[in-house]
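Engineer: Below: one structure in structure tokens.
The values are calculated or read from the model by the stated rules, or taken from the named source; none is laboratory data. Note that the structure is predicted; figures quoted are calculated from it, not measured. Here the Cβ positions follow ideal geometry from the backbone for every residue, glycine too, while neighbour counts run over all protein chains shown.
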Amino acid sequence: MTQRPRLRPFTLGAVRVDDASVFARARDEMLHLARVYPVDRLLAVFRRNAGLDTRGAIPPGNWEDFGHPDERAWSEADYPGREHAPTANLLRGHYAGHFLSMLAMAAAGEDDPALQSKVDELVAGLVEIRDALAATGRYSHYGFLAAYGEWQFSRLEDCAPYGEIWAPYYTCHKLMAGLLDAYELVGNEQALGLANAMGRWVHRRLVRLDPERRQRMWSLYIAGEFGGMNETLARLSAAAEEPRFLETASFFDQESVLEAGASGTDILTDMHANQHLPQLIGYVDEYEQTGEARYLEAAKGIWDQIVPGRMYAHGGTGESELWGPPSTVAGDVGHRNAETCASYNLLKLARKLFAHTLDPTYMDYYERTVLNHVLGSRRAVRSDTSPEVTYMFPVHPGAFREYDNVGTCCGGTGLENHVKYQDTIYFHGQDDLYVNLPIDSELDWEEAGLRVRLRSGYPLGESITLAFEGIATEERTVHLRVPTWAAGDLELRLNGEPTEAKPIPGQYVSLTRTWRSGDELHLTTPARLRAEPAIDDPRQCAIFLGPTLLLARSELTTSLPFPLAGRQEADGGLITDTTATELLADLAQSGVVTLDGIEFEPCWSGQDTKYHMYVRSHDAEIAFGAVESGKPAVAIEILEEPSPSGWYTTAPTIRLHALEADASADTGDRLRLELRISGGDWQPYTAPVLVETEGVQRIEARVTDADGRTGTTGREISVDTTPPRSRATVKELGSSWEITLHATDEVSGVERVQWEGPGTFWGTFQEAFVRAIGPEPQVIEYAATDRAGNEEPRRRLVIPGKDGPR
């Protein structure tokens with residue numbers, strides 16, 4: 001039994017984001033790329049693999065390149081084995097799938113025949129390539145389409161690791177998703193036929209495997225990553241009216257994730273975030289097609305493990321693509337946080353869950369993330385060749401955005417992000433309209449006979465106005481979401497007159513009537529400046545002005561001190577000499593605001609500055625031990641800030657303070673101070689002490705007055721100032737090398753080892769990987785990071801070429 005969502009989005013062409021909106025910048029920059037980028041460049045890797053003329057086109061580059069010069073389009077039968085198979089760029093083809101989705105979205109949203117023509121050209125090219133591959137008789141099914149041979153899929157079935165293969169079903173998903181977008185959004189029938197054939201090929205490969213084998217495949221780090229294959233196959237089942245594809249979709253169900261999500265068991269720590277997020281979207285699609293509640297419950301359950309407990313201030317999640325411990329944000333700040341792909345998928349999941357549950361918290365997340373992470377991920381430049389988007393949008397002190405990303409996973413999702421801002425502003429039910437996001441826009445609500453114009457000046461305005469044109473034939477209810485950030489007196493007016501509705505931040509306020517031309521619904525949304533503490537450290541705060549996350553401009557790479565205590569209201573609001581309205585005006589005029597001498601820019605600026613997403617309260621943190629009546633007191637102050645992990649990565653300095661029982665100031669010679677560290681001997685304290693011993697240290701302080709009365713206190717600190725040490729072991733395998741990376745850290749322990757080489761990215765090492773011997777030497781760089789946050793300098797391993805010394 002199918003389960004339709006309670007709400008549906010409008011078509012992309014029914015909603016237009018206003019050209020004056022802050023979102024229009026990124027949209028127009030990406031539309032330019034869509035219009036000028038040659039289709040032949042996208043098809044080049046496919047044509048080379050199929051033995052067709054590449055027409056002189058150069059591939060996009062980076063991950064999306066031709067591969068190794070000696071690589072062949074091997075089938076599963078003639079693959080020579082990892083010892084004899086020179087390979088590179090094994091994820092190639094995924095970028096073309098994303099680009100096809102982007103073109104289809106742009107063509108639908110802009111009603112642009114030229115973009116429609118590019119969709120048709122790209123689909124026709126893929127069909128030609130599929131036919132050329134089928135004509136070789138080399139592959140298992142006529143539906144096989146890839147920019148490499150079928151061997152990667154067969155090796156995955158043997159549980160080959162990342163390094164020998166690279167997520168073949170991930171690339172398959174991007175191609176099939178692009179084809180379905182081309183069919184569903186702009187009506188390309190050829191795309192549906194090609195997706196149908198690919199689905200039959202996937203079914204044939206997987207139906208012959210036992211369930212335990214499939215579960216092992218999907219659990220493999222990166223190698224088993226399959227994107228949203230379950231989502232695409234569920235969509236294909238509906239589009240092609242082929243029930244078989246629902247069974248195929250279920251082949252990608254990962255039982256451990258389904259069970260953990262449905263039961264509320266947290267299993268995410270150290271899991272690859274974006275390897276698993278797309279399947280949650282697919283679970284909602286499977287729920288819609290089958291009615292099995294466990295799919296929806298699993299998606300909701302895993303969501304609750306991510307938001308807010310593993311969410312950074314801009315909506316991103318993960319460190320080095322992996323999730324950290326639950327309810328840990330400040331403690332999981334590294335140097336590669338918040339993969340933009342993960343936010344792309346969380347947004348898709350949020351809108352689906354909202355459409356089923358009507359829970360406004362999903363839209364709170366959506367608004368935060370689409371403004372701050374996604375819009376902020378697009379560099380404020382125009383390019384003919386690059387999406388100019390971030391891979392990571394890091395959150396550590398002194399960070400900068402990693403723009404460009406041609407051919408990477410985030411380059412691919414970034415193509416799509418910026419041509420579909422209109423897709424969630426409005427949803428509709430049978431007779432009602434949900435206004436989810438306060439983005440300046442215009443809606444053609446054809447079913448109701450109405451056009452709706454939304455004006456807000458978002459994110460720099462403090463009100464939302466809906467103006468109606470046309471005449472509805474019956475009563476309709478408009479549900480307007482009141483932003484969570486709105487503060488102060490909120491009022492909803494209809495045609496200038498107050499209504500009885502009571503707007504509540506974070507909820508929807510509703511009004512039912514027969515709408516007609518001239519009606520205006522006006523909601524006041526006063527902004528405020530507020531500090532939002534990290535869930536695990538109240539002193540580490542993000543600063544927001546209304547919906548806008550403010551980034552502090554600073555070259556510092558240590559925590560940025562900022563005075564918060566004493567100026568913070570109970571609800572997080574900050575007391576300043578300047579009103580929020582004045583700050584919004586400054587931001588609109590100059591692009592920055594200045595607070596306590598520090599310049600802040602909006603997270604959505606698209607600039608190249610170094611920034612701090614979090615500031616840290618620098619007010620004195622001197623905690624006295626319990627003061628008993630008539631006894632002196634002593635406090636321990638640590639002069640340095642710990643790293644975001646909580647460890648001190650530079651030797652901390654201890655200073656003691658003493659108070660006599662009847663005095664409020666230090667009392668000089670009348671009090672004797674002593675200090676001991678980790679159970680050692682008590683030592684007289686005369687001046688601040690540097691703690692150079694590594695590990696967890698117990699600091700104890702004692703004060704004695706002239707009458708022999710004593711007061712004591714103590715605290716633990718963790719010190720690790722030395723980075724871990726890594727090494728590589730290499731095993732020769734004929735025409736390739738097997739490389740294993742090792743690391744040790746005797747203090748805080750090893751957090752991860754990362755590596756990259758030609759055609760790969762700076763990824764986390766999980767297991768031995770293989771590099772084929774090529775004509776030229778290859779350089780593998782690797783480095784380890786410990787749990788304290790110390791990272792060793794990158795090491796280099798040079799793999800000799802064919803004729804080089806061993």
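Engineer: Is it the case that region 670-678 has a residue that's assigned to a loop (DSSP other than H, G, I, E, B) and within 45 Å of the chain's Cα centre (by Cα)?
Structural biologist: Yes: one or more hits.
Engineer: If you don't mind, there's one more thing I want to ask. Give the residues of region 301-339 that are within 27 Å of TYR434 (Cα to Cα) and touching a helix residue (DSSP H, G or I) at 6+ places or on another chain (Cβ under 6 Å), sorted by residue number.
Structural biologist: Those that are within 27 Å of TYR434 (Cα to Cα) and touching a helix residue (DSSP H, G or I) at 6+ places or on another chain (Cβ under 6 Å): GLY301, ILE302, VAL307, HIS314, GLY315, GLY316.
Engineer: When region 446-478 is examined, which residues are found to be under 32 Å from the mean Cα position of the chain (by Cα), of a type outside the set (A, V, I, L, M) and surrounded by fewer than 22 Cβ atoms within 10 Å (Cβ to Cβ)?
Structural biologist: Residues satisfying the conditions are ARG453, ARG455, GLY457, GLY461, GLU462, SER463, THR465.
Engineer: Could you tell me which residue of region 331-389 is nearest to the chain's Cα centre (by Cα), considering only residues that are among the acidic types (Asp, Glu) and part of a loop (DSSP other than H, G, I, E, B)?
Structural biologist: GLU388
Engineer: Separate question: Just for region 185-232: of the residues that are acidic (Asp, Glu) and in contact (Cβ under 8 Å) with a residue 40 or more places away in the chain, which one is nearest to PHE769 (Cα to Cα)?
Structural biologist: Here the answer is GLU225.
Engineer: Taking the condition in contact with a helix residue (DSSP H, G or I) (Cβ under 9 Å, 6 or more places away or on another chain) and surrounded by 21 or more Cβ atoms within 10 Å (Cβ to Cβ), does HIS356 pass?
Structural biologist: In short, no.
Engineer: So, in region 657-672, how many residues would count as being in contact with a Lys or Arg (Cβ under 8 Å, 6 or more places away or on another chain) and either crowded, with 18+ Cβ neighbours inside 10 Å or at pLDDT 95 or above (or both)?
Structural biologist: Residues in region 657-672 being in contact with a Lys or Arg (Cβ under 8 Å, 6 or more places away or on another chain) and either crowded, with 18+ Cβ neighbours inside 10 Å or at pLDDT 95 or above (or both): 1 in total.
Engineer: Would you mind listing the strands (runs of 3 or more DSSP E) fully within region 423-488 where at least 2 residues are among the β-branched types (Val, Ile, Thr) and outside the structural domain of THR361 (by TED's automatic domain parsing)?
Structural biologist: Hits in region 423-488: 463-470, 476-481.
Engineer: Which ones in region 84-98 are part of a loop (DSSP other than H, G, I, E, B), in contact with an Asp or Glu (Cβ under 6 Å, 6 or more places away or on another chain) and on the phi < 0 side of the Ramachandran plot?
Structural biologist: Hits for region 84-98 are PRO86, THR87, ARG92.
Residue by residue, here is whether (1) basic (Lys, Arg); (2) in contact with a Leu (Cβ under 8 Å, 6 or more places away or on another chain); (3) assigned by TED's automatic domain parsing to the domain that holds PHE226; (4) more than 25 Å from ALA24 (Cα to Cα) holds:
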residue: GLN305; (1), (2), (3), (4): no, yes, no, yes
residue: ALA313; (1), (2), (3), (4): no, yes, no, no
residue: GLY324; (1), (2), (3), (4): no, no, no, yes
residue: GLU339; (1), (2), (3), (4): no, no, no, no
residue: LEU346; (1), (2), (3), (4): no, yes, no, no
residue: ALA355; (1), (2), (3), (4): no, yes, no, yes
residue: LEU358; (1), (2), (3), (4): no, yes, no, yes
residue: TYR366; (1), (2), (3), (4): no, yes, no, no
residue: ASN372; (1), (2), (3), (4): no, yes, no, no
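Engineer: Pairs needed: first member in region 665-694, within 18 Å of GLY714 (Cβ to Cβ) and of a type in the set (D, E, K, R); second member anywhere, modelled with pLDDT under 90 and surrounded by 13 or more Cβ atoms within 10 Å (Cβ to Cβ); C-beta distance under 6 Å; at least 6 residues apart or different chains.
Structural biologist: Taking only residues 6 or more apart or on different chains, not a single pair turns up.
Engineer: Applying the selection to region 700-726, what residues are out of contact with any Lys or Arg (no Cβ under 7 Å at 6 or more places or on another chain) and exposed (fewer than 14 other Cβ atoms within 10 Å of the Cβ)?
Structural biologist: ASP707, GLY708
Engineer: Report, by residue number, each residue of region 226-244 that is hydrophobic (A, V, I, L, M, F, W, C) and either farther than 27 Å from ALA273 by Cβ or touching a Phe, Trp or Tyr at 6+ places or on another chain (Cβ under 6 Å) (or both).
Structural biologist: Selection gives PHE226, MET229, LEU233, LEU236, ALA238, ALA239, ALA240.
Engineer: Among the numbered criteria (1) out of contact with any Gly (no Cβ under 8 Å at 6 or more places or on another chain); (2) in a loop (DSSP other than H, G, I, E, B); (3) surrounded by fewer than 21 Cβ atoms within 10 Å (Cβ to Cβ), which single criterion is violated by ALA24?
Structural biologist: Among (1) out of contact with any Gly (no Cβ under 8 Å at 6 or more places or on another chain); (2) in a loop (DSSP other than H, G, I, E, B); (3) surrounded by fewer than 21 Cβ atoms within 10 Å (Cβ to Cβ), the lone unmet condition for ALA24 is (2).
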